[in-house]
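A quick write-up on the structure given underneath.
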Amino acid sequence: MQEISANTNPSIPKEEFYSDLVDQINAITEDQTYWVTNLSNASSVIYHGLKSLEHFQKKPINWAGFYLVDPKNEKNLILGPFQGKVACTAIPFGKGVCGAAAATQTTQLVKDVHEFPGHIACDAASNSEIVVPIVKDKRLLGVLDIDCEEVEGFDDVDRKGLEAVVKVIVANCEW
């Protein structure tokens, strides 16, 4: 297997960064269909890739990972593979940013989590968040959740790039 590492050139445009990130996620998932393996490696590549942008683009990422639909209660998300500090283990649909993304099946781009109704503070250092739903055949599988220590840490370029990452993950995994 080729070595995969997040692009560490912090001066590239974000669109190019996300294009490279999509390619890297595809490379680590195209020959492996087990979703646990793929989400584990994807969380690492995403986390470290975004951390590489920290000094240039002021993106101090402090958490990147996945919450999955709980097979025992399909109106809850449970913690999946991630990078960062210890996290909340269960989130009801409709509660917090992850729960909102799950309930609506739409990406939530929150510039200031302290202004988001019902925000769940797993890490007090988080100030902005983006959550992308993982959907296959109109069925919610989970969400990709990324937290940033800065207010307004994410924008529409991040949204488009992370939605493209999720599409690759959905296509390359057996759920």
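Keeping to segment 80-94, report how many residues are open to solvent by 20 Å² or more (accessible area, probe 1.4 Å), in contact (Cβ under 8 Å) with a residue 12 or more places away in the chain and in contact with a strand residue (DSSP E or B) (Cβ under 6 Å, 6 or more places away or on another chain).
7
Residues that are out of contact with any Ser or Thr (no Cβ under 9 Å at 6 or more places or on another chain) and acidic (Asp, Glu): which strands (runs of 3 or more DSSP E) entirely in segment 62-175 hold 1 or more of them?
Because the criterion is at least 1 residues that are out of contact with any Ser or Thr (no Cβ under 9 Å at 6 or more places or on another chain) and acidic (Asp, Glu), the strands (runs of 3 or more DSSP E) in segment 62-175 that meet it are 73-84, 128-136, 139-148.
Yes or no, residue by residue, for (1) modelled with pLDDT of 85 or more; (2) under 20 Å from Asp147 (Cβ atoms); (3) among the polar types (S, T, N, Q); (4) open to solvent by 50 Å² or more (accessible area, probe 1.4 Å):
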{"position": "Gln2", "(1), (2), (3), (4)": "no, no, yes, yes"}
{"position": "Ala6", "(1), (2), (3), (4)": "no, yes, no, no"}
{"position": "Ser19", "(1), (2), (3), (4)": "yes, no, yes, yes"}
{"position": "Ile25", "(1), (2), (3), (4)": "yes, yes, no, no"}
{"position": "Thr29", "(1), (2), (3), (4)": "yes, no, yes, no"}
{"position": "Val45", "(1), (2), (3), (4)": "yes, yes, no, no"}
{"position": "Leu50", "(1), (2), (3), (4)": "yes, yes, no, no"}
{"position": "Leu53", "(1), (2), (3), (4)": "no, yes, no, no"}
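Would you mind stating whether Pro133 is of a type outside the set (D, E, K, R) and open to solvent by 50 Å² or more (accessible area, probe 1.4 Å)? Spell out how you get there, then give the answer.
Numbers: of a type outside the set (D, E, K, R): yes; open to solvent by 50 Å² or more (accessible area, probe 1.4 Å): no.
Considered against the rule, which asks whether it is of a type outside the set (D, E, K, R) and open to solvent by 50 Å² or more (accessible area, probe 1.4 Å), Pro133 comes out as no.
Does segment 55-79 hold any residues that are open to solvent by less than 60 Å² (accessible area, probe 1.4 Å), modelled with pLDDT of 95 or more and of a type outside the set (Phe, Trp, Tyr), and which are they?
Ala64, Gly65, Leu68, Val69, Asp70, Asn76, Leu77, Ile78, Leu79
Need the failing condition index for Gln105 against (1) modelled with pLDDT under 95; (2) out of contact with any helix residue (DSSP H, G or I) (no Cβ under 9 Å at 6 or more places or on another chain), just the number.
So Gln105 meets the others, but not (1).
To keep it simple, each residue is scored yes or no on (1) of a type in the set (Phe, Trp, Tyr); (2) buried (at least 20 other Cβ atoms within 10 Å of the Cβ); (3) touching a residue at least 12 places away in the same chain (Cβ under 8 Å).
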| site | (1), (2), (3) |
| --- | --- |
| Gly96 | no, yes, yes |
| Ala100 | no, yes, yes |
| Lys111 | no, no, yes |
| Phe116 | yes, no, yes |
| Glu129 | no, yes, yes |
| Asp137 | no, no, no |
| Gly142 | no, yes, yes |
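The values are calculated or read from the model by the stated rules, or taken from the named source; none is laboratory data. Since this is a predicted model, take the numbers as computed values, not measurements. Because the Cβ atoms are built from the backbone with ideal geometry, glycine has one as well, and the counts that use them run over all protein chains shown. Heads up: the accessible areas ignore ligands, DNA and RNA and are worked out on the full protein's heavy atoms, side chains in. Shrake-Rupley method; radii C 1.70, N 1.55, O 1.52, S 1.80 Å.
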